[in-house]
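Here is the structure we will look at, set down as structure tokens.
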Amino acid sequence: MRAASLFATGFLALSNVVAIPSATNVEQRTTPNKRWNDGFVHAEGGKFKINDKDFFFAGTTAYWLTQVQVTQDITTTLNDVAADRFKVVRMWGFREVVGETNDDPATFTQQWVNGQQKCNQAGIDRIKFILDEAEKRNLFVQLVLTNN
């Protein structure tokens, strides 16, 4: 899970680097932040870096991966992604349902019933499983935390 989590954290850090109010007010970090060493993907000088080296990648989006009900289908998907020599998989890190549902509990992370929200541990465990399986295949995972 380390590589996948590190990549997700790196993308979150990147969002802080590139979110600027105007094109004329660009700040670039001139010295690397040492907390991003040891496998974290981060932005530096307009490039992605990992372990002080440029990180170039081809990736694919599998936003639906957390919603797959058959575990073997998840591992097959990740095997195919790795076989196609992609380095990064983007997927949703959330799915909510409203009201009572017959959906597989592992396919959603939160549920709203009568205005009350509850976290769904089975959905969180599915994300952990996918991150662990991605790491076995040397894949990075970018978790998307919103759909807006």
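The values are calculated or read from the model by the stated rules, or taken from the named source; none is laboratory data. Note that this is a predicted model, so its numbers are computed, not measured. Note that we place each Cβ from the backbone using ideal geometry, even for glycine, and neighbour counts take in every protein chain shown. Just so you know, the surface numbers come from the protein's heavy atoms only, side chains and all, with ligands and any DNA or RNA stripped out. Shrake-Rupley method; radii C 1.70, N 1.55, O 1.52, S 1.80 Å.
In the full protein context, the stretch 40-114 carries 57 Å² of accessible surface per residue, based on a 1.4 Å probe and ignoring ligands, DNA and RNA. Taking every C-alpha pair closer than 8 Å and separated by at least 6 residues, the mean separation divided by the residue count of the stretch 70-148 gives a relative contact order of 37 percent. Could you please state how large a percent of the accessible area of the stretch 37-105 is carbon and sulfur, counting protein chains only and using a 1.4 Å probe? In the stretch 37-105, the share of accessible area belonging to carbon and sulfur is 48 percent.
The H on the amide N of GLU44, modeled in the peptide plane, is under 5 Å from the matching H of LYS49, each at least 5 residues off or on a different chain.
Cross-link reach is defined here as a Cα-Cα straight distance under 18 Å, omitting same-chain residues fewer than 8 places apart; for LYS49 the aspartates and glutamates meeting it are GLU27, ASP38. Taking label positions 7 Å along the Cα-Cβ direction at both ASP73 and THR61, the computed distance is 2.0 nm, reported to one decimal. Under 26 Å of direct C-alpha separation, and excluding same-chain neighbours fewer than eight residues apart, LYS118 reaches these lysines: LYS128. Here's how it looks for THR61: its modeled amide H is under 5 Å from those of ARG90, which are all 5 or more places away or on a different chain.
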